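The values are calculated or read from the model by the stated rules, or taken from the named source; none is laboratory data. All of these numbers come straight from a predicted model, not from anything done at the bench. Here the Cβ positions follow ideal geometry from the backbone for every residue, glycine too, while neighbour counts run over all protein chains shown. Each accessible area value is taken on the protein alone, full model and side chains, heavy atoms only, with ligands, DNA and RNA left out. Shrake-Rupley method; radii C 1.70, N 1.55, O 1.52, S 1.80 Å.
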Amino acid sequence: MIKTLNHLPHPTLDNATLAGHFSDLAPPLNARQAHLEASRCLYCYDAPCVNACPSEIDIPSFIRNIHTDNVQGAAQKILSANILGGSCARVCPTEILCQQACVRNNAQECAPVLIGLLQRYALDNAHFTQHPFQRAAPTGKRIAVVGAGPAGLSCAHRCALHGHEVVIFEARDKAGGLNEYGIAKYKLVDDFAQRELEFLLGVGGIEIRHGHKLGANLSLTELHQQFDAVFLGLGLAASKQLGLEHEDAPGLLAATDYIRELRQADDLSQLPLAERCIVLGAGNTAIDMAVQMARLGASDVNLVYRRGVEDMGATEHEQDIAKANQVRLLTWAAPQQVLLDDQGRVRGMRFARTRMVEGRLQTTGDTFELAADAIFKAIGQSFDATALSDPLARELQRSGERIQVDEHLRTSIPGVYAGGDCVSLGQDLTVQAVQHGKLAAEAMHAQLMLNVEAA
């Protein structure tokens with residue numbers, strides 16, 4: 001449990017009641033709803049929704065399959081492009097990707113086709129009698145994948161399909177990465193992440209070794225010597241710091257740490273509850289943290305951001321979720337001081353009011369204070385530099401703190417690829433990470449087979 005919050009009380013509601021607060025954010029479509037929604041699709045030849053999908057799913061094709069009652073065909077179409085399509089259907093910001101691009105998304109039509117819910121319907125209702133993907137003949141090549149998050153799992157699956165043997169090295173006890181540990185509980189309910197993982201591993205040829213962390217008991221040098229290719233799906237494991245005094249005080253911690261505990265909790269009533277809490281940040285993680293604390297029973301939840309609403313990383317849809325859960329959004333306020341009680345524990349925070357002056361964020365000189373039993377930082381994740389501490393890893397070219405890759409996800413070291421949040425390419429989205437893993441696997445396979453032919 002989270003030691004820095006041990007002094008806080010537990011929720012007053014029992015576990016069963018609290019579990020009801022974390023049911024599906026968007027209820028699934030039934031068969032009739034799915035059929036009616038699929039009938040709204042125009043099956044565009046040059047579909048803008050496909051261009052807007054980072055994983056390049058053939059959206060018109062799978063929706064047509066649903067409309068003709070070929071649910072398994074729809075599911076296979078989705079999975080062939082995105083093996084983690086089930087989780088992406090639940091967590092992907094479709095409102096700013098495929099659905100925003102939908103030709104029905106205009107004032108006359110009122111609403112786009114609900115692509116995300118249709119994708120979920122197809123995958124939830126496709127009952128395969130056997131695994132829909134079969135491995136190619138063994139190639140004799142071995143691939144090392146570091147990190148069992150969406151990027152690593154996607155890469156491993158595609159490599160296994162091509163007949164390569166894959167070993168995934170994962171630091172934590174469970175595979176799944178962000179889907180298992182970092183997504184709001186009401187977005188991926190029950191054990192969905194593990195069920196999706198089990199399906200992915202069903203293709204065969206993939207081994208997961210837990211308790212292996214790059215930079216601790218695993219080195220890139222060893223992997224590069226022992227395997228034919230290496231994929232780094234490291235994510236962003238460290239939380240950014242505020243740079244304020246008392247940042248390590250009881251009651252102040254990273255939002256991701258709390259979300260991880262909440263997702264793994266067997267009894268939600270035993271979690272520490274901050275009746276009054278402050279969440280610092282403006283992205284989806286900040287929204288997830290604030291909403292979940294409200295659903296646990298917090299009476300006063302404030303999400304505070306140093307800029308304006310128009311600069312928030314969270315989509316308008318996510319902001320609406322926060323408002324619907326009585327989360328107060330406060331903008332133009334920058335953290336200035338952590339306020340402590342007589343026992344050295346968090347009692348609130350002082351903020352400096354901000355404004356934009358000639359394109360630069362400045363403080364106005366005014367301040368205000370908010371009382372809080374806990375403060376959660378959701379100001380962004382950073383790269384854990386210790387992961388790349390061995391001699392070979394230090395040779396990796398970086399773009400800022402992230403690993404630099406080309407369009408084929410190749411790093412500066414031959415035979416080493418990288419993808420997901422740890423690289424400088426694309427958006428920090430689950431669906432983008434899945435695409436990185438897939439593209440890296442295809443690039444690996446092409447290079448390995450080229451080397452075989454040359455030999």
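Give the angle, between 0 and 90 degrees and rounded to the nearest 10, that separates the Cα long axis of helix 192-201 from the longest principal axis of the Cα atoms of the chain. Between helix and principal axis, roughly 20 degrees. How would you classify segment 239-380 from its alpha-carbon gyration tensor, with a ≥ b ≥ c the square roots of the eigenvalues: rounded for a/c under 1.5, else prolate if a/b is greater than b/c, otherwise oblate? Oblate shape, in that a/c is at least 1.5 and b/c is the bigger or equal ratio. The mean sequence separation of alpha-carbon pairs under 8 Å and at least six residues apart, normalised by the residue count of the chain, gives a relative contact order of 18 percent.
Subtracting the Cα-Cα distance from 0.36 nm times the residue separation, let me have the gained length for residue 46 to residue 127 in nm, one decimal.
26.1 nm
Ligands, DNA and RNA are left out, and with a 1.4 angstrom probe the accessible area of the chain is 44 Å² per residue.
The value of relative contact order for segment 348-455, using C-alpha pairs under 8 Å at least six residues apart, is 15 percent. Full extension of the chain between residue 364 and residue 265 yields a length gain of 31.4 nm, computed as 0.36 nm times the residue separation minus the alpha carbon distance. Working note: Karplus 6.51/-1.76/1.60 with θ = phi - 60° gives segment 408-425 the couplings 9, 6, 7, 8, 6, 9, x, x, 10, 10, 8, x, x, 5, 7, 10, 8, 9 Hz, where Gly and Pro are set to x. Can you tell me which lysines have their Cα less than 25 Å from the Cα of residue 438? Leave out same-chain residues fewer than eight positions away. Within the straight-line limit of under 25 Å, residue 438 reaches these lysines: 77, 141, 174, 187, 213. Rounded if a/c is under 1.5, else prolate if a/b beats b/c, else oblate: with a ≥ b ≥ c from the C-alpha gyration tensor eigenvalues square-rooted, which is segment 356-397? In terms of gyration-tensor shape, oblate.
Keeping the other protein chains in place, figure out the carbon and sulfur percent of the accessible area of the chain, with a 1.4 Å probe. Walk me through the intermediate numbers first.
Values: 9350 of 20220 Å².
Roughly 46 percent of what the probe reaches on the chain is carbon or sulfur.
If each DSSP helix of 4+ residues adds -39,500 (n - 2.57) and the sum is divided by the residues in the chain, what number results at 222 nm, nearest 500 deg cm²/dmol? All intermediate terms of the calculation are to be shown ahead of the outcome.
On the way: 16 runs with 152 residues, N = 455.
Per the formula, -9500 deg cm²/dmol.
Among rounded, prolate and oblate, which fits segment 374-455 when a ≥ b ≥ c are the square roots of the eigenvalues of its C-alpha gyration tensor, a/c under 1.5 means rounded, and a/b larger than b/c means prolate? Taking the square roots of the gyration eigenvalues as a ≥ b ≥ c, segment 374-455 is oblate. The protection proxy used here, the mean number of other Cβ atoms lying within 10 Å of each residue, ranks peptides 138-148, 262-272, 440-450 as follows, highest first: 138-148, 440-450, 262-272. Here segment 251-292 and segment 84-109 have alpha carbon centers that stand 27 Å from each other.
Of the beta bridges in the chain, as assigned by DSSP with both residues counted there, near 40 percent are antiparallel. Under the simplified labelling scheme, the residue 397-residue 427 pair shows an inter-label distance of 2.7 nm, with each label point 7 Å from Cα along Cα→Cβ. With each label modelled as a point 7 angstrom along the Cα→C-beta vector, the residue 337-residue 257 pair spans 2.4 nm.
The modelled label-to-label distance between residue 3 and residue 404, using points 7 Å beyond Cα along the C-beta direction, is 4.0 nm.
Taking 0.36 nm per residue of separation and subtracting the current Cα-Cα distance, fully stretching the chain between residue 195 and residue 247 would add 14.9 nm. If you count only protein heavy atoms and use a 1.4 Å probe, how large is the accessible surface of residue 169, to the nearest 10 Å²? Answer for residue 169: close to 10 Å² accessible. Centre-to-centre, using Cα atoms only, segment 1-41 and segment 302-374 are separated by 26 Å. Volume per residue of the convex hull around the Cα atoms, evaluated for segment 31-125, comes out as 84 Å³. Residues of segment 30-58 falling in the label zone of residue 80, defined by backbone nitrogen less than 15 Å from a point 7 Å along Cα to beta-carbon, are 56-58. For GluC sites (Glu not before Pro), the sites in segment 310-378 that DSSP calls loop and that have at most 16 other Cβ atoms within 10 Å are 358. Computed over segment 198-314, the Cα gyration tensor eigenvalues convert (square root of 5λ each) into semi-axes of 35, 19, 16 Å, ordered from largest to smallest.
Normalised by residue number, the volume inside the convex hull of the Cα atoms of segment 176-231 is 108 Å³ per residue. Normalising the average separation of contacting C-alpha pairs (under 8 angstrom, six or more residues apart) by the number of residues puts the relative contact order of segment 239-380 at 31 percent.
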